[in-house]
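Only one structure is covered here, and it is reproduced in the block below.
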Amino acid sequence: MATTTNYSWTTPDNTAYVKDGASAIRTLGSSVDTTLFTALGGAYPGLRLVKKQTIGSAVSSVTVTSAFSATYEAYKVIIAGGACSNDNSSLILTFGSTTSGYIYSYGVFASGVAIGDGSTSASGFAAAGQANTNSLTFNMDFVNPFLSKHTLVSGLGGYNLTNNNSRIAYSGVVPNTTSYTAFTLTPGSGTLTGGTIYVYGYGAS
Amino acid sequence: MPNPMIQIDDEVREMTDEEYAELLELQESAPAL
């Protein structure tokens, strides 16, 4: 029986009968499936790009739909590039149509100064990211957004040019059991132009 | 004066009055760092 070079998958000989074709294809398909699963480390392993969204021009909010699904339980969201019309504006994060009950806290570490803030009943995750005329800063993990469990967020919020603050350690929770598929980013002031929102899923199997 | 622009996926359009009211409420409650 003929086999492939690298993984020795069985393929039909030139003299094999046509009547055995279905079985031969099934055997080859199973071999490919097994090899891929082993080589990749699972069916959906690693960090996989599930949504890429370019921010438009002078928009007051950006909603990313179909970001979460049953395939992944946890997500990484990063923004690269982009700009805000105002310096030292924040990025407010909301999930779905939920506009209350957000709980969060964060610490801001400047040169020789540490300050913090938070809320137990906010209309969104305030200062989940930062927005300046030079760039947008957003780098967070979301856990459970699609599951009927509390949605958890954590990450590094960014920096503030005027006050020279940086390293914003941020964590929060939406303490409900809503299953979300979308999230929205809204600048605390000004509008957003350009930049790319990347949504990655953490492989679960 | 038109309402601000809102983006959902690739579509950019003017906010409805209700959406604009929600935006103002959200921004007012958000502290600047």
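Miscellaneous remarks
- Average partner coverage of A:138-148, which counts Cβ from other chains inside 10 Å: 0
- Taking every residue in A:10-20 and counting other chain Cβ atoms within 10 Å of its Cβ, the average works out to 0.
- The residues A:MET140, B:MET1, A:MET1, when put in order of fewest to most other Cβ atoms within 10 Å, stand as B:MET1, A:MET1, A:MET140.
- Angle of helix A:21-40 to the longest C-alpha principal axis of chain A, folded into 0 to 90 degrees and rounded to 10: 40°.
- Spin-label pair A:ALA110/A:SER8, simplified geometry with 7 Å Cα→Cβ offset, distance in nm: 6.7
- The mean count of C-beta atoms from other chains within 10 Å of the C-beta of residues in A:119-130, rounded to a whole number, is 3.
- Under 11 Å from the A:HIS150 label point (7 Å along Cα→beta-carbon), backbone N, region A:102-138: A:103-104
- Cα-based Lys pair tally, the protein assembly as shown, threshold under 23 Å, eight or more apart or on separate chains: 4
- Cβ crowding within 10 Å ranks A:ARG48, A:ARG26 as A:ARG26, A:ARG48, fewest other Cβ atoms first.
- Region A:1-78 versus chain B: alpha-carbon centroid distance in Å: 39
- At q = 0.15, 0.20, 0.21 Å⁻¹, base-10 log of I(q)/I(0) for region A:6-161 (Debye sum, equal scatterers on each alpha carbon): -0.89, -1.35, -1.43
- Residue ranges A:5-14, A:72-81, A:121-130 sort as A:121-130, A:72-81, A:5-14 when ordered by packing (mean number of other C-beta atoms within 10 Å per residue, highest first).
- Sorted largest first, the principal axis extents computed over the alpha-carbon atoms of region A:71-205 equal 41, 30, 27 Å.
Each value in this text was obtained by applying a stated rule to the coordinates, not by laboratory testing. Quantities reported herein were computed from a predicted structural model and do not represent experimental measurements. Cβ coordinates were reconstructed from backbone atoms using ideal geometry, including for glycine residues, and neighbour counts include every protein chain displayed.
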